[in-house]
Amino acid sequence: MEKLIIEGGVKLEGEVRISGAKNAALPLIAATLLAPGEHVLKNVPDLRDTRTMLKLLENLGVRSQRNGDVLKIDSTDLESGEAPYDLVKTMRASVLVLGPLLARLGRARVSLPGGCAIGARPINYHINGLELLGVTCDLEGGYVDATIDGRMKGNTIYFDLPSVTGTENLLMAAVQAEGTTVIKNAAREPEVGNLVDMLNGMGARIEGRDTDRLTIHGVENLNPANCAIIPDRIETGTYLIAIAATGGEGVVTHCNPSHLPSLLEKLRATGLRIEETESTITVRQPNGSATPGPLKGTDITTSPYPGYPTDLQAQFMALMTLASGISAVHETIFENRFMHVAELQRLGAKIKVDGHTAVVDGCSMNGLSGARVMATDLRASSSLVIAGLAASGRTEISRIYHLERGYEGLVDKLTALGARVWKEQE
Ligand code: EPU
């Protein structure tokens, strides 16, 4: 196992290029199961999670070839309909093969993902939705055994909460169902929109992109896809916060600022100066002085898109440990997403957790000092990286495989911004 070493206290400056979105790449790769033939996906990040998804597809008989950020996937020889526990347990998003396997083969056997470091994360909405489309789902031995005789039948599906992968799974199941399916209270995340575009490009008839009501008119056949993955909005936000936390100034390129409305508003509320073009975001310290003043403590509440993303909660909390005054961080999506708090406290952060709220007492710029900490999940780990970059002295983060799940070329990108960061064996 490797650990990440950071010699903190260096201002990050310069430009950083954003990769394709992990959470768009995963459903789009799964969607290639829907139609036989060679699919082309562009701007695909090379991450532990995208590799796991390709391994899962390989297990099913699907071949893929990567050339730079272009992925060619040939799903002609899809044979198996089984996603085994060993793969699903390493990546919950494996459940995204359920819908497309059912649509293509009429059967799927997918391991239940189980809980994870941020919450229980059930898949009841996925299963209830499939049953409404006529699928028989049996839960046995830790697996969901799903079968359908002939084509699925369109129906109306309502989500109690807008589930991202739930919406994606049911979209992929319903595109070839007989008749019309309506998903109400659907997730509006840009990653869902990316999938809608890919499916419509394959010949699907989906209306309501970017709204909470998706209408899917079933079609009989789909063609192979040729589609690009959208920029990673969470990676974008992570670098903006990292640059800001070190007192630096920089430009994030190849991103889509319109996908980060709530983060950009919150960053501006802290006093940071944010400028957007169509594909870049520049972050500058308050009042433009060479010696940055402390940021203003700012509250956030996570909520489904276009609200503040839960996947940027931990990173913003790290920033608020350096701001002046008190900030409240409310987490409403996952019940256990404060694992980073105890680790941030090891760096000197003053944070108290009360239920779903963390209250941060900011200690102004460079008030943190380096320590040994442990990564617990992907986004918690990135908050530790941010805190370590801003802290004085040396921070060692163990279990960095979590970071490799979602941040392409993290060490290289940070080094190019001037950070002193490297990996070592544990
Ligand atoms: N929920 C249920 N039942 C379900 C599905 C969801 O109760 O069947 C609940 C969840 O427990 C949660 C809420 O609904 O309280 C929303 O969860 P959602 O289903 O939207 O989460 P997800 O689809 O499992 C995706 C991302 C997560 C991200 C969340 C929320 C992917 C592959 N994963 O998860 O990303 O945090 O949406 O935006 O798209 C990450 O990248 O680090 C990550 C965890």
Provide the net charge surrounding Met1, with neighbours chosen by a C-beta distance below 12 Å and charges set as Lys +1, Arg +1, Asp -1, Glu -1. -1
Given Lys42/Lys72; Lys350/Lys423; Lys55/Lys89; Lys184/Lys266; Lys22/Lys42; Lys22/Lys184, the pairs whose alpha carbons are separated by over 18 Å: Lys350/Lys423; Lys184/Lys266; Lys22/Lys184
Amide H to amide H, which residues 5 or more places from Cys363 or on other chains are under 5 Å from it, using H placed in the peptide plane? Leu322, Ala323
Fully extended contour minus Cα-Cα distance, from Val70 to His254, at 0.36 nm per residue: 64.6 nm
Summed side-chain charge close to Val70 - residues other than Val70 whose Cβ falls under 13 Å, Lys, Arg +1, Asp, Glu -1: 0
Output row, site Arg213, 7 Å Cα→C-beta label point, backbone N cut-off 16 Å, window region 152-180, residues 155-159, 180
Can you give me the C-alpha center-to-center distance between region 186-243 and region 367-385, rounded to a whole angstrom? 31
Taking R0 as 25 Å, what FRET efficiency do you get between Cys363 and Ala342 from their Cβ-Cβ distance, rounded to the nearest 0.05? 0.90
Residues in region 388-426 near a label at Arg372, defined as backbone nitrogen under 16 Å from the 7 Å Cα→Cβ point? 394-400, 424-426
Give me the distance in nm between label points sitting 7 Å out from Cα along the Cα-to-Cβ direction at Arg420 and Asp145, one decimal. 6.0
Would you calculate a helix-derived [θ] at 222 nm for the chain, using -39,500 (n - 2.57) for each DSSP H run of n ≥ 4 and dividing by the full residue count, to the nearest 500? -8500 deg cm²/dmol
Could you please put Lys42, Lys22, Lys296 in sequence from largest to smallest accessible area, using a 1.4 Å probe? Lys296, Lys42, Lys22
Dividing the mean separation of Cα pairs under 8 Å (6+ apart) by the residue count of the chain yields a relative contact order in percent of 21
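The values are calculated or read from the model by the stated rules, or taken from the named source; none is laboratory data. Every value quoted in this text rests on a predicted model; they were computed, and no experiment measured them. We place every Cβ from the backbone using ideal geometry, glycine too, and count neighbours over all the protein chains shown. We work out accessible area using only protein heavy atoms, side chains counted, and drop any ligands, DNA or RNA first. Shrake-Rupley method; radii C 1.70, N 1.55, O 1.52, S 1.80 Å.
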